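The values are calculated or read from the model by the stated rules, or taken from the named source; none is laboratory data. Given the structure is predicted, the values throughout are model-derived calculations rather than measurements. Cβ: placed from backbone, ideal geometry, glycine included. Neighbour counts: every protein chain shown. Surface accessibility is based on the protein's heavy atoms, side chains included, excluding ligands, DNA and RNA. Shrake-Rupley method; radii C 1.70, N 1.55, O 1.52, S 1.80 Å.
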Amino acid sequence: MKKLSRTDLCKTTNGKALNFKSTAELASLNKVIGQERAVRALNFGLEMLAPGYNVFVGGLPGTGKSTIVKDLVEKFAASKPAPPDLIIVFNFLDEYHPNVFRLPPGQGQKFSKQMKRLIASLSADLPKVFKGEIYTKRKKEITAKFDTGKEEILTGLQAQAAEQSIQLILSQEGFQTIPLKEGQPMTEENLAALSEEEQVKISERIGLIQEQLRLALREMAELEEEREDVVEGLQEKIALESVEHRIGRMLENYADHKGIVQYLEHVRDDIAEHVQEFIGIQVPPEFDGMSPQQLQQNLLGRYQVNLLVDNCRQKRAPVIVDNNPSYYNLFGRIDKKAVMGGWYSDFTMITAGTLLKANGGFLILDMQLVMQNMNVWEPLKRTLKTKSLQIEDVNEQFGYSSTTSLKPEPIPLDINVIILGRSDHFHYLQEVDETFNTTFKVRADFDYEATRSTENERLLCQFIARVCRQSKLPHFTPEACSEVIVHSSRLAGDKEKLSLQFGSLVGIINESAYWAKKQKHRQVLSGDVQRAISEKRFRGSLFEEKVWENVESETVMIDVAGERVGQINGLAVYSTGDNSFGKPSRITATTYMGEPGIISVEREAKLSGKTFDKGNLIINGYLGQTFAQNFPLSVTVTLTFEQSYGGIDGDSASSTEIYVILSALSRIPIKQGIAVTGSVNQWGEIQAIGGVNEKVEGFFHMCKMRGLTGDQGVIIPASNVDHLMSTSEIITAVEAGQFSIWSVKTIAEGIELLTGVKAGVANKHGNYPARTVFGEAQNQLKKYFLRRIALEKKPTKSL
C-alpha cells in the first residue's frame with residue numbers, strides 16, 4: 001500500500017523547459033507524430049504496384065487520419081505524372097457503344113476545340129461550295145446529259161407512235177395516246193363510226209405504244225436515278241475534297257493514335273455521305289417530319305467530343321476525396337432527357353465519376369459512407385479487381401428501366417483506393433467478405449496515443465503553431481502549450497502518453513484562442529486553456545449536475561464519514577457524449593447461512609452485463625481459495641448496488657465487493673470516507689481499471705460537497721498510478737492533507753486501509769489469527785459450517 005504524493009498524481013511540463021517564448025517562433029508541424037507503423041504501411045501500399053494492394057486505414061475517429069492520409073498521399077502523388085485525358089466520341093459503326101480514347105493531359109480539350117472549329121468551318125463553307133460556279137456548272141452538265149438521254153427516248157417513242165398512226169400528248173395526267181387518221185387526231189365520233197374490226201386494230205396499236213411507253217418511262221426513271229447517283233457522287237466527292245482539305249492536318253497531328261485516326265476518317269466519310277443533311281437542304285425519307293434545320297442539328301451532334309476527364313490543369317497524379325460515394329458519383333452516369341413522351345440519351349450525356357477522375361492517381365473513401373450507399377461495395381471491388389470500369393445505368397442492371405441504354409467501352413483503370421474506417425470495420429469485413437483481403441491487401445492502423453517524450457512534446461507544440469497559422473489564431477505561450485500537453489495526456493489516460501486524437505486537441509486550441517480574444521490577450525495564456533477545458537466540460541455537464549443535485553439533497557444516499565459494517569463506496573463512470581464523470585455508488589452485502597454462493601441482485605434482476613457476472617464468479621473463486629481449504633463454505637452472500645436502476649457492466653467493482661463481503665463476515669466496519677475501485681483475480685491481486693481520473697474526481701467532488709475532513713480518499717490499483725492525471729484542485733487538496741489517494745496491490749492491503757485492522761496471514765494449517773479481518777471472517781464462516789452440520793444431524797419432527 002502506498003499513499004500517493006503530488007508527483008504520483010500528475011505529470012506536468014515546465015513551460016520554460018520548452019525553450020521558446022511563443023509558438024510563433026516554431027515551424028509548423030510537417031511530420032506525423034507517433035504513427036510510424038501506419039505511415040510505413042501506407043507508403044508501402046502507395047508504392048506497391050501489384051493488383052489488390054489497395055489500402056484500408058483503420059483507427060479511432062478523431063486521430064487525424066483523414067488529414068494525415070491526404071497529406072501523405074498528396075506528397076506521394078507529386079512525384080507521379082499527370083494521367084491522360086479521357087474523351088468519348090460517337091461510334092459510327094454502333095451508336096449504342098460510344099468509343100473512349102485516351103489522350104495526353106491537355107490534349108483532350110485541344111482535340112475537342114479542334115473538332116468544334118472543324119465542324120463550324122465546314123458548316124459555313126460547304127453551303128458556299130455547293131452554291132459555287134464549279135459545282136453548279138458540273139451539276140448542270142450532268143443534268144443536261146441525262147435530259148438529252150430522256151429526250152432521245154421520247155423522240156424514239158414518238159417515231160414509233162407515228163408509224164402506228166398514234167399521237168402521244170403529255171398532259172397533267174401523264175401521256176395520252178390518240179389515234180390518227182390521215183395525220184389528224186380522231187374524235188370519239190370518228191372512232192364510233194368505225195367498224196368493230198377497225199376499232200380492234202386501233203386498240204391493238206394503242207396497246208403496243210402504251211407498252212413501249214411503259215418501257216420508256218422505266219428507262220427514263222432509271223436515268224433519273226442514275227442522274228441522282230451521279231449528282232450525289234459529285235456532292236460526296238466535292239464534300240470529301242473540302243473535308244479532306246481541312247481534316248488532313250488533324251490526321252497528321254494524330255497519326256500515332258490509331259483510334260483517333262480511324263475516328264477522323266469516319267467523320268470525314270460520314271459528312272461526305274450526309275452532306276445534304278449536313279448543310280440543311282434535304283431531309284431523307286426516314287426522317288420525315290423533321291425540318292432540315294432539326295436534322296442538321298442532330299447530325300452535327302454526332303461530331304461533338306465529350307471531354308469525360310480533363311487533366312489539362314493537373315501537374316501531378318490526382319488525389320480525390322469522395323465524401324458522397326453514391327453509385328453514380330463513384331462510377332459515373334448516363335443522363336437522360338424527356339423527348340416527346342420518351343427518354344433519350346446520347347454519348348454527350350455521359351459523365352465521369354470519381355473513380356475516373358482519380359484514374360492514374362488516388363481515391364480516398366470513408367468506409368462508413370461507402371456502406372451507407374446501396375449497390376456500391378460489390379461493384380467497387382469488382383472494378384478494382386478487373387482494373388476496368390464500365391459506365392452503365394444501374395437501373396438497367398436491376399430491371400428498373402425498360403429502355404436500352406448506352407454502353408461505352410470499358411475504360412482501363414490505374415488507381416489506388418484508400419479507404420478510411422475503424423478497426424472493427426476491418427475485422428468485420430475480413431470475417432464476412434471472402435474477397436476483401438484480396439482487394440485491400442494493405443492495412444494501415446493509426447494509433448490513438450504516442451509516447452510522451454521531449455521530442456513528441458515539442459512536435460505537439462509545432463502542431464499548435466500549425467493550427468494557429470492555418471486558422472489565423474493568436475499564438476500560444478509556453479505555459480499555454482504545457483496545459484495542452486497535460487490535457488493531451490489526460491485524454492490518453494496515461495502520464496507517459498500523449499493523445500493523438502487531434503480532433504479534440506484542435507477544438508481545445510480554437511476554444512482557447514476564443515477565450516484569449518475575449519480577454520483581449522495578445523497571446524493565448526495557460527488560463528485561457530484552462531478556461532476552454534472547463535467551459536467545454538460545463539457545456540456537456542447538465543446530466544452530471546442533475547446527478548449531483550440528487551446526491552446533495554440525499555435523494556441518493558451516500559456516506560462520506562463514519563464507519564459501517566457491510567457497506568462501502570464503489571465508483572462508477574457515466575458517459576454522456578464526449579463528457580465523462582465519476583460518481584460514488586453505495587454497495588452493500590449481507591451474509592447468512594445457506595447454500596454457498598453469491599446472489600447478485602443486479603444479475604438476478606437481469607441488469608448486469610457479462611463482464612460484471614464474470615467478476616462475481618471470480619469473487620466466488622477468491623473466497624473459496626482463501627477460506628475453504630479446511631471446510632466447505634456454507635454461506636450465502638447477497639450483494640447489491642443500492643439505488644441503481646439501470647444496466648451495469650464491468651469488473652472494476654469486484655475488489656470493492658470483496659471488501660464489503662469481508663466486512664459483513666467479520667463484522668468489522670468499513671470507513672465510509674474512503675471509496676474504492678479495482679478489479680481482482682482469484683489470488684486477490686488488484687488489477688487495473690479504466691476511468692481512474694474520473695472516478696477519483698467524482699468522489700473528491702462528493703467529499704467537497706459534504707466537507708473535506710482529511711480522512712477521506714480513494715483506493716486505486718497500483719497499476720493505475722501511471723494513468724493518474726489529476727486536476728490542480730485535487731493535487732492542492734492532497735498536498736494540504738485534506739484528501740488522500742492510495743494505491744494497493746492486494747485485497748489484504750486494501751482491507752487494512754479500509755478497516756484499520758490487520759488483514760491477517762494464514763498459518764501452515766490455513767487458519768488466520770484472531771482479531772484480524774480474515775481471522776474474524778474465517779471464524780464466522782466456520783460457525784455457519786458447524787451450525788449447518790448440527791442442523792443436518794438433528795432429526796426432523798413429523799407433523
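Side notes on the structure shown:
- For Gly332, residues with placed amide H under 5 Å, excluding near neighbours: Gly353, Thr354
- Label point distance in nm, Asp613-Ala255, each placed 7 Å from Cα along Cα→Cβ: 8.3
- Within straight-line cross-link reach of Lys794, lysines at Cα separation under 29 Å, skipping those fewer than 8 residues along the same chain: Lys782, Lys783
- Take each peptide in 416-427, 659-670, 81-92, count the other Cβ atoms within 10 Å of every residue, and average; sorted highest first, the result is 659-670, 81-92, 416-427.
- Counting only the Cα atoms, segment 299-440 fills a convex hull of 133 Å³ per residue.
- What a 1.4 Å probe finds exposed on the chain is 50% carbon and sulfur by accessible area, rounded to a whole percent.
- Note on Glu545/Ser471: beta-carbon distance plugged into 1/(1 + (r/R0)^6) with R0 of 45 Å gives a FRET efficiency of 0.90.
- For segment 622-673, alpha-carbon Rg and Dmax in angstrom: 13.2, 40
- Note on segment 485-534: along the principal axes its Cα atoms extend 34, 18, 17 Å, ordered by decreasing extent.
- Anisotropy class of segment 438-499 from Cα gyration tensor, a/c 1.5 cut: oblate
- Shape call, segment 568-690: gyration tensor on alpha carbons, a/c limit 1.5: prolate
- Average accessible area per residue (Å²) across the chain - probe 1.4 Å, nucleic acids and ligands excluded: 52
- Normalised convex hull volume, segment 447-604, alpha-carbon set, Å³ per residue: 189
- Rounded to 10°, Cα long-axis angle of helix 423-432 versus longest principal axis of the chain: 60
- Note on segment 140-247: the alpha carbon radius of gyration divided by the globular reference 2.2 N^0.38 Å gives 1.60.
- Quarter of the Cα convex hull surface for segment 86-220, i.e. its orientation-mean projected area (nm²): 15.4
- For segment 152-210, the convex hull drawn through the C-alpha positions has a volume of 88 cubic angstrom per residue.
- Our summary of shape: the Cα atoms of segment 23-63 have principal axis extents of 46, 23, 12 Å, ordered from largest down, in whole angstrom.
- Segment 700-760: C-alpha gyration tensor shape, a/c 1.5 cut-off, then a/b vs b/c: oblate
- Too-long pairs where the Cα-Cα distance tops 23 Å, listed order kept, from Lys671/Lys745; Lys517/Lys704; Lys16/Lys704; Lys11/Lys695; Lys21/Lys497; Lys315/Lys357: Lys517/Lys704; Lys16/Lys704; Lys21/Lys497
- Alpha-carbon gyration tensor eigenvalues x 5, square-rooted, for segment 44-98, Å: 36, 15, 13
- Average silhouette area of segment 370-507, convex hull of alpha-carbon atoms, in square nanometres: 13.3
- Rg/Rh, computed from the Cα trace of segment 643-792 with Rh as the Kirkwood radius, has the value 1.03.
- The tail of the calculated P(r) for segment 643-718 beyond 21 Å holds 34 percent of all Cα-Cα pairs.
- Computed [θ] at 222 nm, deg cm²/dmol, the chain (DSSP H ≥ 4; -39,500 (n - 2.57); rounded to nearest 500): -15500 deg cm²/dmol
- Those aspartates and glutamates that a straight Cα-Cα span of less than 14 Å connects to Lys336, excepting residues fewer than 8 apart in one chain: Asp346, Glu392, Asp393, Glu396
- Of the GluC sites (Glu not before Pro) in segment 505-587, those whose Cβ has at most 16 other Cβ within 10 Å and which sit in DSSP loop: Glu554
- In degrees, nearest ten, helix 502-518 long axis to first principal axis of the chain (Cα): 80
- Helix 526-539 axis, angle to the chain major axis (alpha carbon atoms, nearest 10°): 80
- Stokes-Einstein diffusion for the chain, with the hydrodynamic radius set to the Kirkwood value over Cα pairs and evaluated at 25 °C in a medium of 0.890 mPa s, equals 68 µm²/s.
- For segment 472-565, the C-alpha radius of gyration sits at 1.44 times the compact-globule guess of 2.2 N^0.38 Å, with N the residue count.
- In terms of its Cα atoms, segment 321-393 spans 42, 26, 20 Å along the principal axes, sorted from long to short.
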